[in-house]
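Chemist: Quick one: the structure is below, and I'll ask about it shortly.
The values are calculated or read from the model by the stated rules, or taken from the named source; none is laboratory data. Because the structure is predicted, anything quoted here is derived from the model rather than measured. Glycine also receives a Cβ, built like all others from the backbone with ideal geometry; neighbour counts cover every protein chain displayed. We work out accessible area using only protein heavy atoms, side chains counted, and drop any ligands, DNA or RNA first. Shrake-Rupley method; radii C 1.70, N 1.55, O 1.52, S 1.80 Å.
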Amino acid sequence: LHKAKPDAGRKPKVYTGSSFIDGLCKDGRTSDAIELFLEKTRAVQNGGEMSQVNHVMYTSLIQAQCKDGQIFKASRFFSDMQYYNLKPDVITYAVIIQGHFRAKHMIDVMMLHEDMLKMGMMQNAIIYQILARGYREIGDL
């Protein structure tokens, strides 16, 4: 999949990069996904368009890191995303909250949930289900 990247002469659309990164993550090839992501971010740092990096890429990487038990790396991606003015959506929050539940980082779960509320972000059934299941598993529900 990584070898099948678009030709260097063509300018790939942002969803092409997102799809490649998401596919690599879902295939368990997180390090390849990070490598591709870093290529994109280096291009931005060298004067390229920020539109080549988006919140979908970050969400895929955050989810892969959480599944790999790398919650601190996932949290770093979450912070970097916001540093670059990319807004996490409800899916991104669901992924990082679930990762913190798995790691038993309850203070982080509560802070992330509160951030969502402060931002006026609409919560959905996924968020409620993650919160209910998480609190039930740790015995606080």
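Chemist: Given a Förster distance of 22 angstrom, what is the FRET efficiency for MET122 paired with LEU38, based on the Cβ-Cβ distance and rounded to 0.05? List each step's numbers first, then the result.
Modeler: Details: r = 32 Å, r/R0 = 1.47.
Between MET122 and LEU38 the formula returns 0.10.
Chemist: Can I ask one more? Tell me the angle of helix 106-118 to the major Cα principal axis of the chain, expressed in degrees between 0 and 90 and rounded to the nearest ten.
Modeler: Between helix and principal axis, roughly 80 degrees.
Chemist: Rounded to the nearest 500 deg cm²/dmol, what is the calculated helix-only ellipticity per residue at 222 nm for the chain, with -39500 (n - 2.57) per DSSP H run of length n ≥ 4?
Modeler: After summing the helix terms and dividing by the residues of the chain, the value is -21500 deg cm²/dmol.
Chemist: May I pose another question? Just to confirm, what accessible area per residue do you get for the chain at 1.4 Å probe, in whole Å²?
Modeler: Values: 8440 Å² over 141 residues.
Each residue of the chain exposes 60 Å² on average to a 1.4 Å probe.
Chemist: At a Förster radius of 41 Å, what calculated FRET efficiency corresponds to the Cβ-Cβ distance of GLN45 and ILE107, to the nearest 0.05? Please report the intermediate quantities before stating the final value.
Modeler: Working: r = 33 Å, r/R0 = 0.80.
Efficiency for this residue pair is about 0.80.
Chemist: Which of GLY28, GLY120, GLY99 moves the most in a Gaussian network model of the chain with Cα springs under 10 Å?
Modeler: Among GLY28, GLY120, GLY99, the largest mean-square fluctuation in the Gaussian network model of the chain belongs to GLY120.
Chemist: Helix 71-83: angle to the longest alpha-carbon principal axis of the chain, degrees 0 to 90, nearest 10?
Modeler: The helix 71-83 is inclined about 70 degrees to the chain.
Chemist: Name the shape class, rounded, prolate or oblate, that the alpha-carbon gyration tensor gives for the chain, where a ≥ b ≥ c are the square roots of its eigenvalues, rounded holds for a/c under 1.5, and otherwise prolate holds if a/b is larger than b/c and oblate otherwise.
Modeler: Values: a/c = 2.48, a/b = 1.87, b/c = 1.33.
It is prolate, given that a/c is not under 1.5 and a/b is the larger ratio.
Chemist: Now for a separate question. For helix 55-67, report the angle its Cα long axis makes with the longest principal axis of the Cα atoms of the chain; keep it between 0 and 90° and round to the nearest 10°.
Modeler: Orientation of helix 55-67: about 60 degrees from the principal axis.
Chemist: Counting only protein heavy atoms and using a 1.4 Å probe, what share of the accessible area of the stretch 9-141 belongs to carbon plus sulfur, as a whole percent?
Modeler: Numbers: 4170 of 7720 Å².
Of all accessible area on the stretch 9-141, carbon and sulfur atoms account for 54 percent.
Chemist: Can you work out ³J(HN,Hα) from phi for every residue in the stretch 21-38, in order, using Karplus 6.51 cos²θ - 1.76 cosθ + 1.60 and θ = phi - 60°, giving whole Hz and x for Gly and Pro?
Modeler: Taking θ as phi minus 60°, the curve returns 5, 4, x, 4, 4, 5, 8, x, 9, 4, 5, 5, 5, 5, 4, 5, 4, 5 Hz for the stretch 21-38.
Chemist: Right, next: Rounded to whole Hz and in sequence order, give me ³J(HN,Hα) for the stretch 122-136 from the Karplus expression 6.51 cos²θ - 1.76 cosθ + 1.60, θ = phi - 60°, writing x for Gly and Pro.
Modeler: 5, 8, 10, 4, 5, 4, 4, 5, 4, 5, 4, 5, x, 5, 5
Chemist: Extension gain GLN82-THR16, at 0.36 nm per residue separation less the Cα-Cα distance, in nm?
Modeler: Details: separation 66, 0.36 × 66 = 23.76 nm, distance 2.19 nm.
Residue separation times 0.36 nm, minus the Cα-Cα distance, leaves 21.6 nm.
Chemist: Follow-up question, since we're still on this one. Taking 7 Å along the Cα-to-C-beta vector as the label spot, tell me the ASP115-ARG136 distance in nanometres, rounded to one decimal.
Modeler: Here the modelled spin labels are 2.7 nm apart.
Chemist: Follow-up. Below 12 angstrom from the Cβ of ASP68, what's the summed charge of the other residues (Lys, Arg +1; Asp, Glu -1)? Could you put the intermediate results ahead of the total?
Modeler: Values: positive: ARG29, LYS67, LYS73, ARG102; negative: none.
That sum, taken over residues with Cβ under 12 Å, equals +4.
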